[in-house]
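Structure first, then comments.
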Amino acid sequence: MKKILVSIILWGVVLSIVCSGAAAPPKFAGTWILNRNKSEGLTGGLADAEVRLVVTQDERLLSYEQQVLIRGRQQPAQELTYRMDGEETTAEVVRPVAGTMYLKARWLEATKSLELVSTIAGESSGKEVKITTQEQWQLLENGKALRVTRTRTSPQGRQVSRLYFDKD
C-alpha cells in the first residue's frame with residue numbers, strides 16, 4: 001500500500017512539472033526594431049516611422065512600450081502591462097481614445113504564440129466608440145525575430161498588420 005501511495009505522489013509531482021513547463025511562454029523581453037521591409041499593412045504615419053518595441057517580462061507580467069519616431073519627432077508612448085496568468089489589467093490612456101483600456105493576455109500552446117487583447121470604449125467626435133486590438137506574438141529565427149500579427153477593430157472597420165521586428 002505504501003509503495004502505491006509513493007508511486008502516485010511521485011507521478012503527480014512529475015506530471016505537474018511537465019505540465020507547468022509545457023504551458024510557459026518564451027521570453028519576449030528585449031528591445032525590438034521594426035523591419036519595414038518584412039512588415040505588411042503599415043498605414044498612415046507608421047508606413048515611414050521608426051518603431052522600437054521595448055519589452056520587459058517575468059513569470060507574472062509582460063510590459064511593453066511602443067516607441068514611434070515619425071519624421072524625426074518622438075511620438076507619445078505609454079507602457080502597457082499584461083498579467084501572464086490571464087487576469088485582466090487596466091491602463092488609463094489618451095490614444096486611440098481617452099479612457100480605461102482593458103488588457104488581457106493568454107498563451108496559445110497550439111500556435112506557440114502569445115495573444116494580447118486590448119479593448120477601450122470612449123467618446124470621439126461626440127460619438128461613443130469601441131476599439132479592440134488583438135495581437136499574436138511569435139518568436140522566430142531562434143528568438144532573433146518577433147512577428148506580431150495585429151488586428152484592430154474600430155468604427156472605421158477591421159485592419160490587419162503583420163509586423164516583423166528584429167532584436168536589437
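The values are calculated or read from the model by the stated rules, or taken from the named source; none is laboratory data. Here the structure is a predicted model, which means the values were calculated and not measured. Positions of Cβ are generated from backbone atoms using ideal geometry, with glycine treated the same way; all protein chains shown enter the neighbour counts.
In segment 83-93, what residues are within 15 Å of Ile120 (Cα to Cα), not in a loop (DSSP other than H, G, I, E, B) and not β-branched (Val, Ile, Thr)? Please lay out each step first, then the result.
Quick first cut of segment 83-93, residues within 15 Å of Ile120 (Cα to Cα) only: 88-93.
Add one more test, that the residue is not in a loop (DSSP other than H, G, I, E, B), and what stays is 89-93.
Listed by number, the residues that qualify are Ala91, Glu92.
Go through (1) at pLDDT 95 or above; (2) surrounded by fewer than 16 Cβ atoms within 10 Å (Cβ to Cβ); (3) in contact with a Ser or Thr (Cβ under 7 Å, 6 or more places away or on another chain) and name the single condition Val54 misses.
The single condition Val54 does not satisfy is (2).
Just need a number here: residues in segment 94-120 that are modelled with pLDDT of 90 or more, assigned to a strand (DSSP E or B) and either of a type in the set (Gly, Ala, Ser) or under 19 Å from Gln75 (Cβ atoms) (or both).
Total meeting the criteria: 5.
Can you tell me how many residues in segment 138-168 are within 18 Å of Glu109 (Cα to Cα) and either among the hydrophobic types (A, V, I, L, M, F, W, C) or in a strand (DSSP E or B) (or both)?
Counting residues in segment 138-168 that are within 18 Å of Glu109 (Cα to Cα) and either among the hydrophobic types (A, V, I, L, M, F, W, C) or in a strand (DSSP E or B) (or both) gives 7.
For segment 25-62, give me each residue that is charged (D, E, K, R), outside any strand (DSSP E or B) and out of contact with any Phe, Trp or Tyr (no Cβ under 6 Å at 6 or more places or on another chain).
Lys27, Arg36, Asp48, Asp58, Glu59, Arg60
Of the conditions (1) touching a residue at least 40 places away in the same chain (Cβ under 8 Å); (2) among the hydrophobic types (A, V, I, L, M, F, W, C); (3) out of contact with any strand residue (DSSP E or B) (no Cβ under 7 Å at 6 or more places or on another chain), Ala110 fails just one. Which one is it?
Going through the list (1) touching a residue at least 40 places away in the same chain (Cβ under 8 Å); (2) among the hydrophobic types (A, V, I, L, M, F, W, C); (3) out of contact with any strand residue (DSSP E or B) (no Cβ under 7 Å at 6 or more places or on another chain), Ala110 breaks only (1).
Kindly indicate whether Thr132 is surrounded by fewer than 12 Cβ atoms within 10 Å (Cβ to Cβ), closer than 16 Å to Thr151 by Cβ and at pLDDT 90 or above.
For Thr132, the condition - surrounded by fewer than 12 Cβ atoms within 10 Å (Cβ to Cβ), closer than 16 Å to Thr151 by Cβ and at pLDDT 90 or above - is not met.
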